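Asks: For reference, the structure I am asking about is given below.
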Amino acid sequence: MSSAIAPSADARQLCVVVPTFNERDNVAKLLAKLQAALTGVSWEVIFVDDNSPDGTWDVVRQLAQADTRVRCIRRIGRRGLSGACIEGILASSAPYVAVMDADLQHDETQLPKMLGLLQGGEADLVVGSRYVSGGSADSFDRQRLGGSMFATSIAKRLLHIDIADPMSGFFMVRRDRFEQLAPSLSIQGFKILLDLVATAQGALRIVEVPYTFGSRLHGESKLDSLVVMDFLGLVLAKLTRDLVSLRFLLFAMIGSLGLAVHLVTLYVALNAFNEPFAEAQAVAAFVAMTFNFLLNNRLTYRDQRLKGFALLRGLVIFYLVCSIGLLANVGVAFSLYGQRALWWLAGAAGALMGVVWNYAVSSLFVWRAR
Ligand code: GDD
Ligand code: MN
């Protein structure tokens, strides 16, 4: 599309998008650092806050009163790092957009260099990288470094990604390229850069800039053990070329964990409590369904997490949905088994039927997903 409208002389070149959740003590400090690092650049910063209980958004509003380059998007009833970044990027009209954390772990002094690379046309995407020479992740403990390296090697192998640090949360991209890819990105999860690079399938020219991942200033990290499942789900979704949605994959992965929980509970009920089989099986089913519900509420549907009374109500509906799902599962397996007596094929088809049913119906009635 061409237009006759000439860009204004003071149009912003760079937008820095900063996702925040409970970062009230960090935002003013970050803003001061941006102001110092970006002298000579026309820029703006958009904080995307998921209605932080600590009132981060309120602090940002005050900062915006003093500096009109500051904007705040306060999202209600939604959670998620990737979704927040996407929304922030799409809220800007600047030709170049950076994403960085609020906690000062990313090095804002790299921004002018990153911008220069994009403006010079040498790249479409510049990644702040801990794993190229000159960069480091000194602040990581050994466990986290190991996890990060392991995830990186999986991503590189399975998704054929050839940058050193696809897990980085610090990057700058041409907004026009991002807009093309945005409809295919997942709003869930933490790994927006990995998603972007995997979705682009080599169509982005990428340059990595080394930086040192610092220590968090105030507050705590929101990455928990669930981030591992999140990551695996994203890798699987990309491997199926998004044929299967990330949400469904997470739901199915949790479903298989639920099966393990079921079997362990059944074993304990039978052997440690000497319960009759029918009762033990019923107890195991309830434990597994509750486990599945709570984990789905924390991970698969973390962006619409139920709390309080809604949580209880959701749980009851989930029990109902799963009971019908079980009937569907057994029904399909039984009729298939009747046609061709392949126990594993019939069993797998039944289980698949059950999980598809549970997913489809619970997303309608339990979490009302979009
Ligand atoms: N809006 C919003 N919503 N922001 C969030 C959410 C959320 O649900 N969760 C986290 N954030 C914000 C935090 O407030 C912070 O500014 C930034 O996202 C990163 O979150 P941290 O909790 O500090 O993550 P981290 O430091 O453990 O991980 C970072 O580094 C990793 C590299 O090892 C992130 O940048 C990861 O994406 C990155 O992979
Ligand atoms: Mn951090």
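Asks: Counting each DSSP H run of 4 or more residues in the chain as -39500 (n - 2.57), what helix-only mean residue ellipticity at 222 nm follows after dividing by all residues, to the nearest 500 deg cm²/dmol?
Replies: It comes out at -17000 deg cm²/dmol, rounded to the nearest 500.
Asks: Any idea what angle helix 246-271 forms with the longest principal axis of the chain, computed on alpha-carbon atoms, 0 to 90 degrees, nearest 10?
Replies: In the chain, helix 246-271 runs at an angle near 40 degrees to the longest axis.
Asks: Over the chain, what is the relative contact order in whole percent, taking alpha-carbon pairs under 8 Å and six or more residues apart?
Replies: That works out to 14 percent.
Asks: Using packing as a proxy for protection, rank 76-86, 336-346 so that the peptide with the highest average count of other Cβ atoms within 10 Å comes first.
Replies: 76-86, 336-346
Asks: Another question, if that's okay. Using θ = phi - 60° and the Karplus curve 6.51 cos²θ - 1.76 cosθ + 1.60, what whole-Hz ³J(HN,Hα) does each residue of region 191-202 get, with Gly and Pro shown as x?
Replies: 9, 5, 5, 4, 4, 4, 5, 5, 5, 5, 6, x
Asks: Can you bin region 168-210 into rounded, prolate or oblate? Criterion: square roots of the alpha carbon gyration tensor eigenvalues sorted a ≥ b ≥ c, rounded for a/c under 1.5, prolate for a/b above b/c, oblate for the rest.
Replies: It is oblate, given that a/c is not under 1.5 and a/b is not larger than b/c.
Asks: Here is a further query. What's the ranking of 108-116, 188-196 by average number of surrounding C-beta atoms within 10 Å, highest first?
Replies: Result, highest mean Cβ count within 10 Å first: 188-196, 108-116.
Asks: For region 298-370 and region 231-283, what is the separation of their C-alpha centers, rounded to whole Å?
Replies: 11 Å
Asks: With everything on Cα atoms, drop me the angle between helix 27-37 and the longest principal axis of the chain, reported from 0 to 90° to the nearest 10.
Replies: 40 degrees
Asks: Could you let me know the centre-to-centre spacing of region 73-131 and region 1-55, using Cα atoms, in angstrom?
Replies: For region 73-131 versus region 1-55, the Cα centre distance is 9 Å.
Asks: For region 261-370, what does the alpha-carbon gyration tensor say about shape, rounded, prolate or oblate, given a ≥ b ≥ c as the root eigenvalues, a/c under 1.5 as rounded, and a/b over b/c as prolate?
Replies: Note, shape of region 261-370 comes out oblate.
Asks: Report relative contact order for region 246-365 in percent, whole number only (criteria: Cα-Cα under 8 Å, sequence separation at least 6).
Replies: 23 percent
Asks: Taking the chain as the reference, fit the longest principal axis to its C-alpha atoms, fit the long axis of helix 308-339 to the helix C-alpha atoms, and give the angle between the two in degrees, 0 to 90, nearest 10.
Replies: 60 degrees
Asks: Would you mind classifying region 76-207 by shape? Square roots of the alpha carbon gyration tensor eigenvalues, ordered a ≥ b ≥ c; an a/c under 1.5 is rounded, otherwise it is prolate if a/b is larger than b/c and oblate if not.
Replies: Rounded shape, in that the Cα axes give a/c under 1.5.
Asks: Residue separation times 0.36 nm, minus the C-alpha to C-alpha distance between V316 and A360: what's the value?
Replies: 14.2 nm
Computed from the coordinates by the stated procedures, all read-outs in this text should not be read as laboratory data. Values in this document were obtained by computation on a predicted structure and should not be read as measured data. Counting neighbours? That spans all protein chains shown, and the Cβs are built from the backbone with ideal geometry, glycine included.
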